[in-house]
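Working notes, beginning with the structure itself.
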Amino acid sequence: MKFLREVAWRHAVALAACAFAVFPIMYVVSAALNPLGTLASTELLPTGASLDNFGILFNGQQPFVNWFLNSVVIALLSAFAGLLISVAAAYAFSRMRFRGRRVGLLSILLIQMFPQFLAIVAIFIVFTEVTELYPTFGFNKPWGLLVLYLGGALGVNTYLMKGFLDTVPKEIDESATMDGASHVQTFFRIILPLVGPVLAVTAMLSFIGTINEFLIANVFLRDTEAKTLAVGMYGMLTDKRDSNFGAFAAATLLTAIPTVSLFLWLQKYIVSGLTAGAVKG
């Protein structure tokens, strides 16, 4: 009875949680291996499994490779550039005292309370002019979408890293200054190595948010070759929803590869970054 009361129910809850998390993944895998490729014929355990649905993605009917590369490149560049700009801004807010500092922090926090999509009409008008003057940064171009993503993620990333930088003792900066280091040297050689965990967490969150973003990308990317994975895969289901479900499931599995790979690469930093706030005084 003691085992049932103290241990068994915990194992039951853990198994139920695992089953709840694994079930949709197994269903997607089954749909991707289902040779019929329809939603109605998909079962939890596929019969007559084949890789035909994966072949559909690379047979030239859909520019899946272009979508994949567009998403990965935009997500990586957005995460890297946004991380660099955000950590520089967070360092300034955390270490320096200047007029408008408090107002700036509150403004960043206030702006993040409103979804970026609320400004889509204004952004659309602006990018209409930009497309005419600078086509490289306009519609159907990854660089324009990249600039838009950087503006949306800058505020929340800055606020997140500013809170982490506040936990780093300022005596470290003062010691570096006494040794003759400039702000730039202190920032790149001392501070950045110390805040590696939060950089990894922020980069991971930015990458996931960008590669999964659909609404804004669907507005700004209309050419088939310029679409990202989210927009392109959505188009696979709009016309022939049932017949393309197998290929859609296969594309979903391939889409997870960059995210899982980045997570495994940053795993040790992510764990320490998520727990650092609980152990630092």
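The values are calculated or read from the model by the stated rules, or taken from the named source; none is laboratory data. All of these numbers come straight from a predicted model, not from anything done at the bench. Every residue, glycine as well, gets a Cβ built from its backbone with ideal geometry; the counts of neighbours run over all protein chains shown. Protein only, heavy atoms only, side chains kept; ligands, DNA and RNA dropped before computing areas. Shrake-Rupley method; radii C 1.70, N 1.55, O 1.52, S 1.80 Å.
One line per residue, one yes/no per condition, for (1) in contact with a Phe, Trp or Tyr (Cβ under 6 Å, 6 or more places away or on another chain); (2) over 15 Å from Ala90 (Cα atoms):
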residue: Gly144; (1), (2): yes, yes
residue: Leu148; (1), (2): no, yes
residue: Phe187; (1), (2): yes, no
residue: Leu215; (1), (2): yes, yes
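So if I check each of Val103, Val65, Val73, which one is more than 30 Å from Phe220 (Cα to Cα) and either within 20 Å of the chain's Cα centre (by Cα) or without any contact (Cβ under 8 Å) to a residue 24 or more places away in the chain (or both)?
Of Val103, Val65, Val73, the one residue that is more than 30 Å from Phe220 (Cα to Cα) and either within 20 Å of the chain's Cα centre (by Cα) or without any contact (Cβ under 8 Å) to a residue 24 or more places away in the chain (or both) is Val103.
Quick one: count up the residues across segment 214-245 that are outside any helix (DSSP H, G or I) and either under 13 Å from Pro142 (Cβ atoms) or of a type in the set (Phe, Trp, Tyr) (or both).
Number of matching residues: 7.
If I filter segment 192-203 down to residues being of a type in the set (Val, Ile, Thr) and part of a helix (DSSP H, G or I), which single residue comes out as farthest from Leu76 (Cα to Cα)?
Step by step, filter segment 192-203, then rank; the result is Val198.
Of the residues in segment 165-191, how many are open to solvent by 20 Å² or more (accessible area, probe 1.4 Å), in a loop (DSSP other than H, G, I, E, B) and either among the β-branched types (Val, Ile, Thr) or within 21 Å of Ala79 (Cα to Cα) (or both)?
The qualifying residues number 1.
So how many residues does segment 135-174 have that are at positive phi and within 16 Å of the chain's Cα centre (by Cα)?
So the count comes out to 0.
Mind listing whichever residues of segment 139-164 are surrounded by fewer than 18 Cβ atoms within 10 Å (Cβ to Cβ) and more than 17 Å from Ile85 (Cα to Cα)?
Asn140
Out of curiosity, is Leu194 open to solvent by 60 Å² or more (accessible area, probe 1.4 Å) and more than 18 Å from Asn66 (Cα to Cα)?
Criteria met by Leu194.
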